[in-house]
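Below: one structure, written as C-alpha cells.
The values are calculated or read from the model by the stated rules, or taken from the named source; none is laboratory data. Please read these numbers as outputs of a predicted model, since none were measured by experiment. Neighbour counts run over all protein chains shown; Cβ positions are idealised from the backbone, glycine included. In case anyone asks, the SASA skips ligands and DNA or RNA and just uses the protein heavy atoms, side chains included. Shrake-Rupley method; radii C 1.70, N 1.55, O 1.52, S 1.80 Å.
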Amino acid sequence: MQLEIAQSTPTASSIAALVQARYGLGDVIESEFLRRSFNQVYRLDFAGGQRVVARLCAERPRGGPNALFEAAALEHWANVGCQVSRCVTTATGEIAIQVPLPEGARTLMLFEYLDGEFTGESAADVQAFAHGLAGLHEGGENYEGPESAYVLDLNYLLLRPLEGLLRAPSMTGELRPQFEKLGLRLHDEILAMGELSRVLCHGDAHGQNNFVTTDAEGQRQALFFDFDEAGPGYLAYELAVYPWNLYPRMPDGEVSRKVEMQWKNYISAYRDRRPVAEADLAAIARFMAVRQFWLLGEYAGRVPVWGSQTMTTGQLFRQVELLSQWETLQLPT
C-alpha cells in the first residue's frame, strides 16, 4: 500500500544541493531550515559570500504560487527605488525551479537576503514602516509587467476563504450559519461603501515581513520581503493588516493605549507620504475582519498538513464572538 503524502519537508542540506546544482552561485557552505508556515523557508550561504533565502512553495487554497508576477513586481519596485528583496534567478535565467517530492512537484524560489530587525514599537520604526509601504504603493502605480494570477478582491479575501472555513472538520451545524451570516454581512457592508481605492499590494504587510534599518544619513528605513501574497487589491485591506496584527484577536481583548498610539502613528505617517480617501479610511476596520476570515480560510486549507486540532471547535466559537464584536469596531484617528 502506497501512503499519500500531504506535504513533505526537505532538509536544508538537500535544498542546498539542489540550489548548488541549478543556480550557478557556487558552493553552498552553510544551510539552515528557518521556518515552516504556509511555505517552507531556508537560508543558504555560499563560498563567495552571497546569502539567499529559499522559499519552497506549499499547496494553498488559492492555487499555485504567483511566481511570474511576484518576480516581475519585485524587479519593478527595485528599479523605482523601493527597498525590496528581489528574486534570484537560476544559472539559465529562470525565476524558479520545480522540486520533485512525494506529494508532487513544488516551486522553489530564491530571494536576496536582507539584514535588519522587525518593525519595533517606537514611533520612528512605525513611521519608517508606513513610509516604506506608501513608497511601495507609489512605485507600483506604473507597473506594466505580467498580470497577477490573483486579485485581492472580496472573492479572494473573503468569499473563497469563507467557503473553505465552512468545510473545516471542526465546523459544527451551530457555527456554520453564524460564520456564513457574518461573512455575507461584511461583504455587503463593504460593497455599500462605494468605490474603494486599489493599489499594488504587498498583501501581508503586518510589520514582520519587513526590517527597519538605519540608512547612511541616520534615518530609519523599511526593507520589505515575503511578497507571496502580493497582487492588485484594496488599499483599505493593505492598510488593515498592520492594525489587525496589533489588535487583540480574541473576544473581549482590551486594546492598550500603546497599541492605539502605534496605529495612530502608522496611519498618520502613511498619510504624510500618500493621501488616503475618507471612504478608504472608513473601510480599514471592516477589512480587519476580512483579514481574519482570510486567515481562518488558510488554516482550514492547511488541515491536511497541520491537523484539525490547529483550529478546534472551541477556537471557532471564540472567533464568532470576535468577528461579531468587530462588526462595530472603530479605529481611532
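Remarks
- Basic side chains Lys and Arg get +1 at the Cβ, acidic Asp and Glu get -1 at the Cβ, and with that the dipole of the chain about its Cα centre reaches some 600 debye.
- Added length on full extension, which subtracts the Cα-Cα distance from 0.36 nm per residue, Ser14 to Lys264: 85.4 nm
- Region 43-99, accessible area per residue, ligands and nucleic acids excluded (1.4 Å, Å²): 39
- Debye-sum result for region 78-159 in log10 I(q)/I(0), which assumes one identical scatterer on each alpha carbon, at q = 0.18, 0.22, 0.26 Å⁻¹: -1.15, -1.21, -1.22
- Among Gly164, Pro146, Ser122 the positive-end extreme of the charge dipole of region 117-178 (Cβ point charges): Gly164
- The label point for Glu147 and the one for Glu4, both projected 7 Å from the Cα toward the Cβ, are 3.3 nm apart.
- Computed with every protein chain present, the accessible area of Asp226 is close to 50 Å² [probe 1.4 Å].
- For the chain, hydrophobic long helices are taken as DSSP H runs at least 30 Å long by C-alpha position along their axis with mean Kyte-Doolittle hydropathy of 1.6 or more; none is present.
- C-alpha center-to-center spacing [region 90-162, region 164-191] in angstrom: 28
- Distance distribution note for region 228-333: the fraction of Cα pairs above 20 angstrom is 45%.
- The chain - percent relative contact order, Cα under 8 Å, separation 6 or more: 19
- Dipole magnitude of region 271-311, debye to nearest 20 (Cβ charges: Lys/Arg +1, Asp/Glu -1, about Cα centre): 80
- Annotation: peptides 280-287, 325-332, ranked by per-residue average of other Cβ atoms within 10 Å with the highest first, follow the order 280-287, 325-332.
- Residue-averaged 222 nm ellipticity for the chain, from DSSP H runs of 4+ at -39500 (n - 2.57), nearest 500: -13500 deg cm²/dmol
- Shown for region 247-333: the carbon plus sulfur share of the solvent-accessible area, taken with all protein chains present and a 1.4 angstrom probe, equals 50%.
- Förster radius 45 Å - calculated FRET efficiency between Asp27 and Asn79 (Cβ-Cβ, nearest 0.05): 0.90
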